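Here the structure comes first, spelled out in structure tokens, and everything after it is commentary.
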Amino acid sequence: MTAPVSSHPPPAGPFAAAAAGGVLARGVRRTFRGSVAVDAVDLDVPPGQVTALIGPNGSGKTTLLLVLAGLLVPDAGAVTVAGVDLRADPVTARARVGWMPDVHGTWDSLTSREVLATVADAYRMPRDAAAARVGELLELVHLTELADRPAHVLSRGQKQRLGLARAIVHSPAVLLLDEPASGLDPRSRVELRDTLRALAASGAAVLVSSHVLAELDELADRAVFVAHGRTVDVREDVQRGGTGGAAATARRYRLRALDDGALARALADLGAPGTPVAGGTDVVVATEAAAADLVARLVGAGVPLVSFAPAAGALEQVYLDLDDGERR
Amino acid sequence: MSTDLAAGAPPAGGAGRPAARRRPDLRLSARGLGTVVRLELRQRVRSTRWLVALAVWVAVIALVTVLVGLAFASEDLLGPDPVGQGPLVFSLIVFLVLSMGLLVSPALAATAVNGDRAAGTLAPLQVTLLSPLEIALGKLVAAWVASLVLLLAAAPFLVWAYAQGDVALGAVLSTLVLTALVLAVVCAIGLGWSAVCARPAASAVLTYVSVASLCFLSPLVFALTAPMVLTDEQVTVREQDFTGVTQEFDDRGNLIGEEPPCVEAVRTQPVFHSERTWWLLALSPYVVVADAAPRPPVDPRTGLTTFDPLSGIREGVRAARLGPQPEDYDFCTRSEAEFAAQEAARRERLDGARAVWPWGLGANLALGALGVAAAARRLQVPYGELARGTRVA
């Protein structure tokens with residue numbers, strides 16, 4: 001975690017952002033034998049924050065991460081990683097980036113401890129510092145008890161956690177994770193979220209690609225949406241409902257009352273007609289302030305309200321809106 | 001800035017991709033190399049399968065050695081106290097060990113790169129500070145160490161064969177050293193194919209084809225190209241002059257009276273210019289190992305060296321390198337003494353002939369270096385164009 005701690009969005013200019021670390025990608029394009037995987041992606045991953053990379057299957061997320069990890073040459077575009085130009089100095093850039101692939105190949109004859117020690121060795125970490133770091137990481141991903149057993153006895157979720165530890169052995173300033181939560185049980189997901197938030201809090205720039213939106217809601221500070229290899233939307237401040245998108249965020253809330261008839265009448269009176277759905281009534285509200293106001297009015301009107309909550313996660317809402325646009 | 005760049009990007013196909021001009025990453029450090037070697041040895045060798053393979057290997061060589069020993073112990077085969085048994089047994093064991101090594105070594109390296117890629121364990125190494133050379137050489141060294149273990153396990157049988165007598169001690173050493181080097185070459189060729197081919201099955205097949213070509217195809221090509229280097233030339237021959245001589249033979253077919261006199265004559269003869277194609281023979285690992293083994297000592301009972309396969313190959317390739325010799329055109333019948341003298345002169349010339357094995361070894365090592373270079377080139381990231389059928393991770 002060598003990057004400076006920053007809880008603020010990065011400065012607007014590309015050079016300022018590069019100086020601050022993180023990832024700065026502009027106009028990244030990558031093709032495979034004529035088929036376009038990444039067409040034109042702009043991406044900022046500021047230090048101190050978790051950025052979600054969201055898009056449907058085949059939208060170019062994995063290819064983009066391979067470019068950022070220094071495994072693929074972009075056909076066009078400029079990428080700066082932790083202040084290093086990826087094209088000018090790929091080796092230095094690699095030293096500052098951690099990458100967790102979506103496939104979890106493990107050297108299965110090695111123990112977890114040996115796997116991490118090997119990676120530390122490959123990053124030229126001093127031996128004694130590496131041993132301490134490996135112990136610390138095993139503790140972090142709860143593999144200490146299995147540390148000296150061969151990796152092939154690990155479950156899928158445990159291998160995934162070992163993969164995370166492997167990606168952060170060298171304390172990278174930039175961490176790239178490709179679908180890190182797939183295959184994890186609920187407890188492991190919560191722990192993954194806490195780990196990534198802690199890494200971001202210590203100054204790392206974290207990029208998480210996923211299409212499991214529910215968990216990103218609680219994890220990400222920012223969200224970058226890609227479709228067909230292009231950046232289609234960016235949302236800041238995801239934790240508080242999401243701002244700064246291409247379209248204003250009108251949000252759908254789901255209401256439940258003890259008396260559905262009373263709720264429908266009250267909504268009609270307030271000029272916010274609801275749509276009856278299975279499990280309640282949906283209402284579209286423009287802002288969080290308007291939502292708070294609506295709750296107060298409904299309660300004031302004597303509606304026996306038992307639940308008032310977003311019908312979908314903030315990111316899911318954006319994703320579905322974008323996807324709708326795509327499919328129309 | 002960004003969209004302009006993307007719009008101005010070269011059309012798909014990668015013709016303008018900067019990777020086409022990338023400089024090779026030639027970093028190499030002892031630490032990086034050691035990291036990869038340790039990883040590979042732990043990953044590949046630490047399995048019971050490998051111990052089983054080693055046990056089977058020793059068992060097969062032991063079995064054949066025992067059979068050879070029994071065969072030669074029986075007086076029915078060569079008679080009591082046969083001449084040249086030691087070198088013959090030694091030659092057989094050398095060929096056995098070399099053949100088994102050439103069979104097993106490709107399996108150790110031929111899937112080193114594409115197998116890792118399929119298992120998803122290659123890219124996590126490539127994103128570290130390890131250089132492509134360190135990964136390629138580390139895999140080579142690990143595979144070589146494994147084949148050296150096999151060779152060492154076979155060494156006691158070579159020593160036993162040496163103990164059968166009449167074998168130069170240098171032959172044991174040269175055999176071990178050159179077999180070890182040949183196995184390194186085989187591993188390097190396998191490594192190269194494993195980096196070039198997308199599928200492990202393809203690289204395994206190509207590695208075996210390459211090794212078989214070196215061993216057998218090159219001598220075959222030598223034989224098949226013989227007509228091309230066979231030219232009719234005027235040469236001075238020694239032959240018997242039968243003009244005016246009537247030969248008579250007794251009941252047993254022995255000549256009665258004097259041999260006709262030997263005369264020199266100039267005749268047009270087909271001449272085999274093997275000195276132009278001998279290098280084809282030198283490519284074979286069998287020739288390299290055989291040619292480097294010192295000659296067995298002269299048998300005190302006959303004054304001649306005995307025949308054994310190793311010496312046979314050595315004399316054959318050295319004669320091929322020397323090309324046509326005067327005694328090839330000497331058609332006069334000779335007395336035993338004359339024959340012995342001529343044979344001694346020929347042998348002296350062959351012994352004086354420069355060795356063939358350095359050329360063969362050099363060519364083999366060059367092929368191995370080519371394999372390592374191909375592997376290192378294919379391991380360098382970031383990738384430009386991906387080989388057909390491969391993924392990054």
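Going toward the positive end of the dipole of the protein assembly as shown, with +1 on Lys and Arg Cβ and -1 on Asp and Glu Cβ, which of B:Phe331, B:Pro297, A:Gly21 do you reach last?
A:Gly21
Identify which of B:Ala168, B:Ala73, B:Ala180 has the largest mean-square fluctuation in a Gaussian network model of chain B, with springs joining Cα atoms closer than 10 Å.
Its mean-square fluctuation being the largest, the pick is B:Ala73.
Quote to one decimal, in nm, the extra length available between B:Ser99 and B:Phe216 on full extension: 0.36 nm per residue of separation minus the C-alpha distance between them.
Extra length available between B:Ser99 and B:Phe216 comes to 40.9 nm.
Tilt of helix B:357-379 relative to the longest C-alpha principal axis of chain B, in degrees (0 to 90, nearest 10)?
Compared with the principal axis, the helix lies near 10 degrees.
May I have the pair-distance distribution P(r) for the protein assembly as shown, computed from all Cα-Cα distances with 20 Å bins from 0 and rounded to whole percent?
Using 20 Å bins, I get a P(r) of 14, 33, 24, 16, 8, 3, 1, 0 for the protein assembly as shown.
Taking only Cα atoms, what is the 0 to 90° angle, nearest 10, from helix B:48-73's long axis to the longest principal axis of chain B?
Once rounded, one gets 0 degrees.
Please give me the summed charge of the neighbours of B:Leu122: other residues whose Cβ is under 11 Å from its Cβ, Lys and Arg +1, Asp and Glu -1.
+3
About the Cα centre of the protein assembly as shown, what is the dipole size in debye to 20, counting +1 per Lys and Arg Cβ and -1 per Asp and Glu Cβ, all else neutral?
Dipole magnitude for the protein assembly as shown comes out near 2720 debye.
For the range B:127-135, just list the computed ³J(HN,Hα) in residue order, Karplus coefficients 6.51, -1.76 and 1.60, θ = phi - 60°, integers in Hz, with x standing in for Gly and Pro.
7, 7, 7, 5, 8, x, 5, 5, 5
How large is the direction-averaged shadow of the alpha-carbon convex hull of the range A:251-327, in nm²?
Quarter of the Cα hull surface area: 5.2 nm².
Give me a comma-separated list of calculated 3J(HN,Hα) values for the range B:184-195, in order, Karplus coefficients 6.51, -1.76, 1.60 applied at θ = phi - 60°, integers in Hz, x for any Gly or Pro.
Result, ordered by residue: 4, 4, 4, 4, 5, 5, x, 4, x, 4, 5, 7 Hz.
Using a cut-off of 13 Å between beta-carbons, work out the net charge of the residues near A:Thr144 (Lys and Arg +1, Asp and Glu -1, A:Thr144 not included).
Charge balance in the 13 Å sphere: -1.
Would you work out which of B:Ser274, B:Ala123, A:Gly261 lies farthest towards the positive end of the dipole of the protein assembly as shown, given +1 charges on the beta-carbon of Lys and Arg and -1 on that of Asp and Glu, about the Cα centre?
Comparing the listed Cα positions along the dipole, A:Gly261 ranks first.
How large is ³J(HN,Hα), in whole Hz, for each residue of the range B:262-269 in order, when computed from phi with the Karplus curve 6.51 cos²θ - 1.76 cosθ + 1.60 and θ = phi - 60°, using x for Gly and Pro?
My calculation for the range B:262-269 gives 7, 10, 9, 8, 9, 9, 8, 9 Hz in order.
Please report the relative contact order for the range A:251-327, taking Cα pairs under 8 Å with a sequence separation of at least 6, and give it as a percent rounded to a whole number.
Relative contact order comes out at 45 percent.
Using 10 Å bins from zero, what percent of all Cα-Cα pairs in the range A:101-196 falls into each bin?
With a bin width of 10 Å, the distribution comes to 17, 53, 29, 2.
How high is the relative contact order of chain A, given as a whole-number percent (alpha carbon pairs under 8 Å, six or more residues apart)?
20 percent
Enumerate the amide H contacts of A:Trp99 below 5 Å, restricted to partners 5 or more residues apart or on another chain; note that Pro and chain-start residues carry no placed amide H.
A:Leu176
Which cross-chain or sequence-distant (5 or more) residues have an amide H under 5 Å from the amide H of A:Val23, H modelled 1.01 Å from N in plane?
It is A:Val45, A:Ala82, by chain and number.
Taking H placed 1.01 Å from N in the peptide plane, check which residues at least 5 places from A:Leu72 or on another chain put their amide H under 5 Å from its amide H.
A:Val67, B:Tyr383
List the GluC sites (Glu not before Pro) in the range B:171-277 that DSSP assigns to loop (not H, G, I, E or B) and whose Cβ has at most 11 other Cβ atoms within 10 Å. Which are they?
Sites meeting the loop and neighbour criteria: B:Glu258.
Excluding ligands, DNA and RNA, what is the solvent-accessible area per residue of the range A:14-240 at a probe of 1.4 Å, expressed in Å²?
Here the per-residue accessible area is 34 Å².
B:Ala226 versus B:Glu338, label points 7 Å from Cα toward the beta carbon: distance in nm?
Between B:Ala226 and B:Glu338, the label points sit 2.7 nm apart.
Given charges of +1 on the Cβ of Lys and Arg and -1 on the Cβ of Asp and Glu, with all other atoms neutral, how large is the dipole of chain A about its Cα centre, in debye to the nearest 20?
With only Lys, Arg, Asp and Glu charged at Cβ, the dipole is about 500 debye.
Towards the positive end of the charge dipole of the protein assembly as shown, with charges on Cβ (+1 Lys, Arg; -1 Asp, Glu), say which of B:Ala59, B:Ala109, B:Leu386 has the farthest Cα.
My answer, from the dipole projection, is B:Leu386.
Pop the C-beta distance of A:Val306 and B:Arg391 into the FRET formula with R0 = 45 Å and round what comes out to the nearest 0.05.
0.30
Ignoring ligands, DNA and RNA, what percent of the 1.4 Å accessible area of the protein assembly as shown is carbon and sulfur?
That fraction is 60 percent.
Computed FRET efficiency, Cβ-Cβ of B:Leu365 and A:His228, R0 60 Å: what is it to the nearest 0.05?
The formula returns an efficiency of 0.70 here.
Principal axis lengths of chain B from Cα atoms, whole Å, largest first?
Principal extents (largest minus smallest coordinate, Cα): 107, 51, 32 Å.
With +1 on each Lys and Arg Cβ and -1 on each Asp and Glu Cβ, how big is the dipole of the range A:251-327 about its Cα centre, in debye rounded to the nearest 20?
The dipole magnitude comes to about 240 debye.
Write down, largest first, the equivalent ellipsoid semi-axes of the range A:14-240 in whole Å, where each equals the square root of 5 times an eigenvalue of the alpha-carbon gyration tensor.
After diagonalising the Cα gyration tensor, the semi-axes are 28, 19, 17 Å.
The values are calculated or read from the model by the stated rules, or taken from the named source; none is laboratory data. Quantities reported herein were computed from a predicted structural model and do not represent experimental measurements. So basically every Cβ, Gly included, is an ideal-geometry build from the backbone, and we count neighbours across all protein chains shown. Surface areas here come from the heavy atoms of the whole protein model, side chains and all, with no ligands, DNA or RNA. Shrake-Rupley method; radii C 1.70, N 1.55, O 1.52, S 1.80 Å.
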